[in-house]
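Here the structure is laid out as C-alpha cells; the discussion comes afterwards.
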Ligand code: ADP
Ligand code: MG
C-alpha cells in the first residue's frame, strides 16, 4: 500500500488577476519507509509540492492521498488535525521555539496533538533525543547549540509523534556541506530505525546523491526518469 499517491496533481496560485501554475499535472507514488528527494532549481515547484503533501496548501486539481486519506476533501481544520497526527516537518531554518529548551521543543508536538501521560511523554522525548545524538543536550536552549544540532533536534521533533511521513523542505540549505551530509545520514538512520518515510527537497547535487529515489522537477513538471518504463511513477 502506497503512503502517498498523487495523480494529475496541479497547483495554481491566484494573485489578483494573475495566475501562476506552480505544479502542472504530476503523478507519483511514495512507499512507506522510503527515502525520497524532490530536486530541481529554485522556482521549479518543490515547496509547492511538499506543502500539498503536507496538507498545508490544497491542490487545485487532481487527486492526492496520504496514508489512505483523500487530502483534497479535507477542510482546514481537518487538514490541521490530519497533519498533526500523521506528518512530521523539518524546516530549512530549523523553526525551533527559542524560549523552550531542546527537550521542550521535542515534547511540544506531544502536548499539542496527543494526550500522553507525563512519564510516557518524558520517556518518548528522551528516546528521540538519544536517537539523534542529543541525549545530553536537553536542557540547552536553541541559541546555545549549532545549526547542525538544531536540525538534529528538529528531526527528533518531527519523529516524536510517530509520524509515518516526514517532509523536509531544503533541510540542509542553512548548513555547511559536511553538516548537511551528516543530517541526511541521520535522517536515513532514523528511516532505518523507525521505518518512517522521509521526503526532502534540495537543489544541491551533493545532498540529492543520498536519496534512494529522486524525482526531478522542472517548471512544475516531473521529468521522466531514465529507468522508468511508463512515466514518473515510483
Ligand atoms: P521551489 O520550492 O522549487 O523554489 P516554489 O514551489 O516555491 O518552488 O515555487 C514554484 C512557483 O510558484 C514559482 O513560480 C513561485 O513564484 C510560485 N509561487 C510559490 N508560492 C507562491 C504563492 N504563495 N503565491 C504565488 N506564487 C507562488
Ligand atoms: Mg522552495
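Overview of values
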read-out	value
Region 17-40, subset away from ligand 2 (no atom under 16 Å from the Cβ) and outside any strand (DSSP E or B), residue surrounded by the fewest Cβ atoms within 10 Å (Cβ to Cβ)	17
Pick from region 44-71, criterion out of contact with any strand residue (DSSP E or B) (no Cβ under 8 Å at 6 or more places or on another chain) and farther than 19 Å from residue 171 by Cβ, ranking: farthest from ligand 2 (Cβ to nearest atom)	68
Hits in region 41-68 - residues which are under 16 Å from the mean Cα position of the chain (by Cα), assigned to a loop (DSSP other than H, G, I, E, B) and within 18 Å of residue 214 (Cα to Cα)	45
Residue in region 80-90 that is within 14 Å of ligand 2 (Cβ to nearest atom) and in contact (Cβ under 8 Å) with a residue 60 or more places away in the chain present	yes
Flag for residue 123 being more than 17 Å from the chain's Cα centre (by Cα) and closer than 29 Å to residue 1 by Cα	no
Checklist (1) within 22 Å of residue 207 (Cβ to Cβ); (2) surrounded by fewer than 19 Cβ atoms within 10 Å (Cβ to Cβ); (3) more than 8 Å from ligand 1 (Cβ to nearest atom) applied to residue 43, failing item	(3)
Every residue from region 1-16 that is over 12 Å from residue 220 (Cα atoms) and within 16 Å of ligand 2 (Cβ to nearest atom)	13
Any hit, region 107-120, residues being part of a loop (DSSP other than H, G, I, E, B) and touching a residue at least 40 places away in the same chain (Cβ under 8 Å)	yes
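Table: residues versus (1) within 23 Å of residue 86 (Cα to Cα); (2) in contact (Cβ under 8 Å) with a residue 24 or more places away in the chain.
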{"position": "127", "(1), (2)": "yes, no"}
{"position": "130", "(1), (2)": "yes, no"}
{"position": "180", "(1), (2)": "no, yes"}
{"position": "194", "(1), (2)": "yes, yes"}
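Taken together, the values in this text are just the output of simple stated rules run on the coordinates, not laboratory data. This structure is a prediction, so every number in the text was calculated from the model and none was measured. Backbone-built Cβ (ideal geometry, glycine too); neighbour counts: all protein chains shown.
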